[in-house]
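Student: Before I ask anything, here is the structure I am working with.
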Amino acid sequence: MKFGFAFRKSLGSRALPAAIDPMKNAILPQLVIVGSIGIDTIETPREKHVEILGGSVSYACAAASFFVKTGMVGVVGTDFPPEHRALWEKMGIDLSGLQTEEGKTFRWSGVYEENMDNRRTLLTELNVFERFTPELPESYRNAPYLFLGNIAPELQLHVLEQVHSPKFVLIDTMDLWINIARDKLVEVVGKCDMLTLNESEARLFTGVHSLTDAAEALLSMGPKFVLIKKGASGSMLFSKEGVFLLHAFPLADFKDPTGAGDTFAGGLMGALAEFGKTDEKSIRRAMLYGSVTAAFGVEEFSLERLAALDRKQIDARSNMLKSMCCID
Ligand code: AMP
């Protein structure tokens, strides 16, 4: 990938709601995100991009950075290209939680079928990610909002032990952990405010086909909210109070859906942290922001589109999506 990105111009002047660290005079992250950082090779029916920036925390932090000061927790190897780090810095992401370990960065490669819905993994090389133990710098431990991306539930629990009473914790997971670490996953789900997963994972986790029944079973494990992602069909928010349905922003064309779920969750958590609220109405509004941020992200590979985006474009598209969903 070329790095002639049109970097977001407004970043330096963006007024983000934030606490100040009196010792360093630095803005403390209001949102902390933990997850994978990958160097991806992605093939679609039209294009192939080799060794581009990816990983759940990379997409999620990029999306959240439009809304609040966001701290990244992840690991890269000594081979990690400095231009990727520079891109995150340009986006205003706090990198004090980024670890660099001797060795190679996590590599992942996938190929999309003609319909762009189905994806096959060609290669997963864990490299330094295999020994990843998330450690939060002191400046992250009071952050009110926490998003634990898709990593081993044991590591998600390890992060929860380090934070001081966060206001809202979102966790993501995948079929791998449902299959091999179910008990630990149930434990971490019991400690979070919201669980997000896709529809097939919700069915796998609960053993029931109906998404309503699956959501009910997941809510009974402890979280106040369950957010089921349905790709281009949108998402469903379940709580004790009811169900909220949001369709994805309709796009005429897109290039690469990799990381869309992470971008969605990152945008949602960023918006929620900006609102400073955690009630159901605020979550619904934040879903709108997450959804449009993800729709921008898939228009290009890697973080290319997000790097060229500004908040005005996000707000304009959010208003469009809102008017598409409303009857009155
Ligand atoms: P998604 O499209 O939501 O599945 O996210 C894709 C991103 O997840 C890619 O950028 C990969 O670098 C990263 N990824 C792929 N496999 C894994 C894995 N086993 N653990 C963590 N991250 C992964």
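Student: In what order do ILE52, ILE314, ILE180 fall by count of nearby beta-carbon atoms within 10 Å, going from fewest to most?
Tutor: Arranged by neighbour count, lowest to highest, ILE52, ILE314, ILE180 become ILE180, ILE52, ILE314.
Student: Cross-link partners among aspartates and glutamates for LYS224, C-alpha distance below 13 Å, same-chain residues fewer than 8 apart left out?
Tutor: By straight Cα distance, LYS224 reaches ASP193, GLU216, GLU241, ASP279, GLU280.
Student: Based on the alpha-carbon set only, what is the convex hull volume of the chain divided per residue, in Å³?
Tutor: Per residue, the Cα convex hull of the chain comes to 134 Å³.
Student: Sticking with the crude label model, points 7 Å out along Cα→Cβ, report the distance from ARG131 to ASN319 in nm, one decimal please.
Tutor: The two pseudo-label positions are separated by 5.2 nm.
Student: If packing is taken as the average number of other Cβ atoms within 10 Å across a peptide's residues, how do 263-269, 165-171 rank, most packed first?
Tutor: Listed from highest to lowest mean packing, they are 263-269, 165-171.
Student: I would also like to ask the following. So how far apart, in nm, are the two label points at ARG119 and VAL243 if each is 7 Å from Cα heading toward Cβ?
Tutor: Distance between the two pseudo-spin positions: 2.6 nm.
Student: At R0 = 25 Å, how high is the FRET efficiency between SER220 and ASN142 if r is their beta carbon distance? Nearest 0.05 is fine.
Tutor: 0.25
Student: Now for a separate question. Determine, for CYS192, CYS326, CYS61, the number of other Cβ atoms within 10 Å of each Cβ, and report the residues in order from fewest to most.
Tutor: Lowest to highest Cβ neighbour count: CYS326, CYS192, CYS61.
Student: Now for a different question. Taking amide H atoms as placed 1.01 Å from N in the peptide plane, list the residues 5 or more away in sequence, or in a different chain, whose amide H sits under 5 Å from that of GLU300.
Tutor: Under 5 Å from the amide H of GLU300 lie the amide H atoms of LYS255, ASP256, ARG305, each far enough along the sequence or on another chain.
Student: Please give me the summed charge of the neighbours of GLY110: other residues whose Cβ is under 9 Å from its Cβ, Lys and Arg +1, Asp and Glu -1.
Tutor: Net local charge, GLY110 excluded: 0.
Student: With θ taken as phi - 60° and the coefficients 6.51, -1.76 and 1.60, list the Karplus ³J(HN,Hα) couplings across the range 112-123 in order, rounded to whole Hz; mark glycine and proline as x.
Tutor: Each residue of the range 112-123 in turn: 8, 6, 3, 6, 6, 8, 8, 10, 10, 7, 9, 7 Hz.
Student: Testing the spin-label approximation: label points 7 Å from Cα along Cα→Cβ at ALA308 and SER233. State their distance in nm.
Tutor: Computed distance between label sites ALA308 and SER233 equals 3.2 nm.
Student: Now for a separate question. Find which of PHE275, LEU321, LEU288 sits farthest along the positive direction of the dipole of the range 263-328, computed with +1 on the beta-carbon of Lys and Arg, -1 on that of Asp and Glu, about the Cα centre.
Tutor: The Cα lying farthest towards the positive end belongs to PHE275.
Student: Further question: Give me ASP213, ASP328, ASP262 ranked fewest to most by other Cβ atoms within 10 Å of their Cβ, as a rough exposure proxy.
Tutor: Least to most surrounded, the residues fall as ASP328, ASP213, ASP262.
Student: Additional query: Let's see if you can work this out: charge +1 on each Lys and Arg Cβ, -1 on each Asp and Glu Cβ, no other charges. What is the dipole magnitude of the chain about its Cα centre, in debye to the nearest 20?
Tutor: So the dipole magnitude of the chain works out to roughly 920 debye.
Student: Then there's this: Residue separation times 0.36 nm, minus the C-alpha to C-alpha distance between LEU204 and ASP79: what's the value?
Tutor: 41.3 nm
Student: Across bins of 10 angstrom width beginning at 0, how are the C-alpha pair distances of the range 129-217 distributed, in whole percent?
Tutor: For the range 129-217, the pair-distance distribution reads 17, 48, 27, 8, 0.
Student: According to the Kirkwood expression over distinct Cα-Cα pairs, how big is the hydrodynamic radius of the range 66-140, in Å?
Tutor: Across the range 66-140, the inverse of the average 1/r is 14.3 Å.
No lab work stands behind these numbers, since they all come straight from the coordinates. Source: prediction; values computed, not measured. We place every Cβ from the backbone using ideal geometry, glycine too, and count neighbours over all the protein chains shown.
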